[in-house]
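Only one structure is covered here, and it is reproduced in the block below.
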Amino acid sequence: MAVSRTQKEIRQRAPWWFVGLLVFNLGLMASQARDGATKERVIRVWAQSLISPFQSAVSAVGGTGSGFFQSLGNLRSAAAENRVLTQRVEQMELEIYQLRAERSENERLRSLLDFKEKSEYKTVPARVIARDPSLWFDAITINRGSSSGVELNMPVVTPGGIVGRVIGVGPWSAQVMLITEERSAAGAVVGQLGQSSALGSVKGLGENDLLEMHHVSGLEEVNAGDYVVTTGQDGIYPAGLNVGQVVEVRKGSATVAHVIHIKPGARLNALGEVAVLLYHPPQTTAPEQVLPNVEKKDK
């Protein structure tokens, strides 16, 4: 009975053993088989074909991840480089501003030196060290005083024109009232001194950086663009200094004087360096009184 069961089991398993031996044989044959062209083993080619889609997918995912992290690294590097470049640009802008300021100062000093050489009056160069906040366009303080020969009422000028007059003096500084102040005034003429009869008085408006000229006869020809110079009749400014240029004229008549607005020649809102003229107006002497000639009578 047992022998019969064993033979039956053998008959039942024989096909499976046959299939297994066949597969094993095919495997051996495949493992030894080679491609005629490439001489590569066929099983290796089949295996590579089977796993190639999975390799492509893994490679794509890995490449994407690597590219993402590389992009993040590039962005961080670009941000750091941008900060460095921004700092360099700011530094260069500051250096350019300083160079322009130095060049502007050098040009002003050169102009002041040329003015000093051409001026017939002795001058004291000075620097503006303060402005009165409440009178921004009307008063300045300079770094020269009585120790440099500065005195009250001396005129202060730039190569562009008159600035004002000294109203307060200390040993090493002085206060200057600008020509735009309402209490300031100067004798002036429209046109060339000695050739024009458009004489008048210039004073500040106190509201802006313009000057106003009065007492010019309405019969005189005055137009925008004409230049105005000092006459020396005010006892402060010598004759021939530039006051400014006419920008507006309200025409007068035979009985009504012109009202003339003038833009100062000096840049009063951006003063850096000025010159004090050590000028003393000529002293006027009163005419001698002529006494009648009385003959003495002999007694």
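What follows is calculated from the coordinates using simple rules that are stated; it is not laboratory data. Because the structure is a prediction, the values reported are computed rather than measured. Quick reminder, even Gly has a Cβ in these numbers, built from the backbone with ideal geometry, and neighbours come from all protein chains shown.
Here are some notes:
- For segment 232-239, the Karplus equation 6.51 cos²θ - 1.76 cosθ + 1.60, evaluated at θ = phi - 60°, returns couplings of x, 8, 8, x, 10, 9, x, 6 Hz by residue, with Gly and Pro reported as x.
- Ordering Ser201, Ser77, Ser173 by the number of other Cβ atoms within 10 Å of each residue's own Cβ, fewest first, gives Ser77, Ser201, Ser173.
- With all pairs of different C-alpha atoms in the average, the Kirkwood value for the hydrodynamic radius of segment 131-184 is 11.1 Å.
- Going from the residue with the fewest nearby Cβ atoms within 10 Å to the one with the most, Glu182, Glu273 rank Glu182, Glu273.
- Least to most buried among Ile162, Ile129 (fewest other Cβ within 10 Å first): Ile129, Ile162
- Loop-resident sites, segment 132-233, for chymotrypsin sites (Phe, Trp or Tyr not before Pro), counting at most 15 other Cβ within 10 Å (DSSP): Trp136, Trp172
- Paramagnetic label reach from Gln283 (point 7 Å along Cα→Cβ; backbone nitrogen cut-off under 13 Å): within segment 216-236, no residues.
- Electrostatic dipole magnitude of segment 123-277 [Cβ: Lys, Arg +1; Asp, Glu -1; Cα centre; debye, to 20]: 240 debye
- One quarter of the convex hull surface built on the alpha carbon atoms of segment 149-231 amounts to 6.5 nm², the projected area averaged over directions.
- Between Tyr227 and Gln192, the contour length at 0.36 nm per residue exceeds the alpha carbon distance by 11.8 nm.
- For segment 123-277, the Rg and Dmax computed from alpha carbons only, in angstrom: 15.5, 51
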